[in-house]
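Below: one structure, written as structure tokens.
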Amino acid sequence: MNVSYDFSGRTAFITGAGSGIGRATALAFGAAGADVAVSDIAEPGGLETVKLIRAAGGSAEFFPLDVADAAAAERTVAAVVERFGRLDVAHNNAGIESEHVPFGDVDLEDWRRVVEVDLNAVYYCIRAEVAVMRRQGRGAIVNTASAAGLFAGYHSGPYTAAKHGLIGLTRSAAVDHAKDGIRVNAVCPGGVDTPFVGEVPPQIVQRLMLGVPMKRLASAEEIASGVLWLASDGASYVNGVALPIDAGLTILSAGTDFSDLDL
């Protein structure tokens with residue numbers, strides 16, 4: 001990351017920080033001087049992220065969390081504040097993929113599972129985060145949505161619906177809490193070179209790449225750069241935005257036809 005930010009004296013809480021975008025964001029906040037609250041359902045990945053931040057001279061602690069547990073989300077945010085004294089930035093990043101089947105074939109349990117983690121869990125976290133930030137009189141929240149929240153993802157009904165809902169949640173929280181000094185925004189990554197993209201059928205990835213002007217996947221660090229900007233004072237008048245970080249994917253892919261793919 002070539003742009004420098006200064007988050008010294010601030011605390012950043014990141015969910016899903018054990019790998020991928022979450023880890024890249026946690027490392028970037030650590031390098032920018034923040035106290036980083038690393039959270040993940042998978043302890044080994046979370047502890048490794050903490051180790052990497054500390055090895056680079058940063059400050060970090062691990063807080064295990066299943067974001068789909070509303071009570072646990074509230075307890076974890078409280079634990080972060082107890083440890084670091086405040087909560088300035090929250091990056092609600094944890095998410096999962098849905099099964100890749102036609103909408104009419106979506107399993108009810110898969111629907112519930114994806115919506116619970118990708119939409120409801122973000123609400124649980126925001127509710128806890130806002131309670132703290134209100135008392136402080138300021139804060140910045142950045143949610144990880146998706147390009148699939150801006151157009152229809154093929155054979156990914158639960159994921160697409162949840163990410164569209166997440167953008168609505170982001171905007172609603174943004175307008176309701178601007179008066180409290182809290183900004184709420186979202187990043188909408190396209191294809192990112194993380195383990196997450198490995199869960200998408202390669203035929204879909206290859207077809208999507210036809211609509212990416214740069215003809216490559218993003219790095220997790222490129223998404224993290226957008227998160228840090230939205231959380232920074234440089235974006236102090238940016239609120240309720242769903243920021244595509246996709247090299248133009250959402251511009252060109254709205255009309256992409258996937259119907260001939262054998263999935």
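The values are calculated or read from the model by the stated rules, or taken from the named source; none is laboratory data. None of these values were measured; they are calculated from a predicted model. Here Cβ is always computed from backbone atoms with ideal geometry, including for glycine, and neighbour counts include all displayed protein chains.
Scanning segment 149-175 for residues that are in contact with a strand residue (DSSP E or B) (Cβ under 9 Å, 6 or more places away or on another chain) and either at positive phi or without any contact (Cβ under 8 Å) to a residue 24 or more places away in the chain (or both) yields one hit, Ser172. A single entry from Val197, Val205 fulfils the requirement of being modelled with pLDDT under 95, on the phi < 0 side of the Ramachandran plot, part of a helix (DSSP H, G or I) and more than 17 Å from the chain's Cα centre (by Cα): Val205. Per the listing Gly248, Gly181, Gly234, the residue uniquely at pLDDT 95 or above, at positive phi and exposed (fewer than 15 other Cβ atoms within 10 Å of the Cβ) is Gly181. For segment 198-246: of the residues being polar (S, T, N, Q) and in contact with a helix residue (DSSP H, G or I) (Cβ under 9 Å, 6 or more places away or on another chain), which is farthest from Leu27 (Cα to Cα)? Among residues in segment 198-246 that are polar (S, T, N, Q) and in contact with a helix residue (DSSP H, G or I) (Cβ under 9 Å, 6 or more places away or on another chain), the one farthest from Leu27 (Cα to Cα) is Asn239.
Taking segment 133-153 as the region of interest, how many residues are over 18 Å from Ile223 (Cα atoms) and surrounded by 23 or more Cβ atoms within 10 Å (Cβ to Cβ)? Qualifying residue count, segment 133-153: 3.
Only one entry in Val89, Val117, Val122, Val80 is closer than 24 Å to Arg183 by Cα, out of contact with any Ser or Thr (no Cβ under 9 Å at 6 or more places or on another chain) and buried (at least 18 other Cβ atoms within 10 Å of the Cβ), namely Val117.
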